[in-house]
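The values are calculated or read from the model by the stated rules, or taken from the named source; none is laboratory data. What you see is a predicted model, and the numbers here were worked out from it, not measured in a lab. Don't worry about glycine lacking a Cβ; one is built from the backbone with ideal geometry, like all the others, and counts go over all protein chains shown. Just the protein is used for accessible areas: all its heavy atoms, side chains included, with ligands, DNA and RNA removed. Shrake-Rupley method; radii C 1.70, N 1.55, O 1.52, S 1.80 Å.
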Amino acid sequence: MEAYTPLQWLLIFFVYSVLGWVWESCYVSVKSKRWVNRGFLHGPWLPIYGSGAVVVLLVTLPARGRPALIFLLGMIGATVLEYVTGESMEKLFHMRYWDYSDKPLNVNGHICLGVSIGWGVFSLVLLYVLHPPVEDLVLWLPVPVAQVLALCLTAAFAVDTTWSVQKALDTKHLLASLSETSRRLAVVQEKLRDAAKELELDLESKLPDPKQALQRAAADGESKKAYLLHKLQERRDSTNGLLDRLNEKNRAALAQVSARLAAVGDDRKERKRLENLRTFLLGVRDSLAKTQQEVYARRDKDYQRAVDLLYRNPTATSRQHAGAFRLLKSLKKERKTKS
């Protein structure tokens, strides 16, 4: 077995990326009972498989003829790659595209013993079954043909990667925005409760929980696309309704404070307390205004992109934005039910 040129390594990467996509898409599609274009990218390739195959080949080709060593080296090499990739993607996108947290002997949910053993078995299958015909094909290609093929594949791969990364970053920003809205609304509710208690006002007229308000749903007979858009708008309306109610309560509290300030007389201590409370309520008003801007800034296509991403990665999770991620998961389930 001869050494490969950089061009041949590149073609090997693409071959196994495509084979990995075929395997994953078929496996997930059978489990989901519908076709799933699996993976982070949109094209017919999964670079984690292409990278894994290249890493395994690099570390195991020198050990060909020694199955036990191939198993061990392949298991270690692929496991390290899987951990580094998983950790890097989570830090960049705030999402886990695979999660082994519920598996025994896992490390931070990115790797686990069972999957690592599977990588070892894959290394043996790769070296003794899959790679010989792949190697024959790559070595057989004339250099000019290989160069044109590699150029076309690289260009398409680069466009796909750029587009997919941007969509993943959009989803990250949407998750962060949803999480911040939920957090800020909860804080505002608590602040208004404190202000009402201090003013001895009744502002607690069935104030809904912000997370429940964000997750309301209703069933109707729309098409899949129209249904999803309806759900997105429904959640935005629900959040806006909650914001309106909170603003009304804040205005009522401010009116009470202003009235008491006008009638407080020369009691400096009471005046100071009311002025501090008024400043506090003005801060609440500003926080509500900022939240309203966040809600209006969200676009339907941002939700759609996020839901599509979850469809292609049904095992994805998010530790940083767990509540917001559950909201998107609920949209995904509703869309699946309607489809």
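Only protein atoms count toward the accessible area here, which uses a 1.4 Å probe; on region 1-143, the carbon and sulfur part of that area reaches 73 percent.
The phi torsions of region 44-57, fed into the Karplus equation with coefficients 6.51, -1.76 and 1.60 and a -60° offset, translate into couplings of x, 7, 10, x, 5, 6, x, 5, x, 5, 4, 4, 4, 5 Hz, rounded to whole numbers, with Gly and Pro shown as x.
In terms of packing, defined here as the mean over residues of other Cβ atoms within 10 angstrom, the peptides 254-264, 56-66 line up highest first as 56-66, 254-264. Per residue, the average separation of C-alpha pairs within less than 8 Å and at least 6 apart gives region 16-83 a relative contact order of 30 percent. Scaling the Cα radius of gyration of region 53-135 by the globular reference 2.2 N^0.38 Å produces a ratio of 1.17. Across region 1-121, C-alpha contacts under 8 Å between residues 6 or more apart give a mean separation that, scaled by the residue count, equals a relative contact order of 19 percent. Taking packing as the residue-averaged number of other Cβ atoms within 10 angstrom, the listed peptides 83-92, 304-313, 138-147, 43-52 run from highest to lowest as 43-52, 304-313, 83-92, 138-147.
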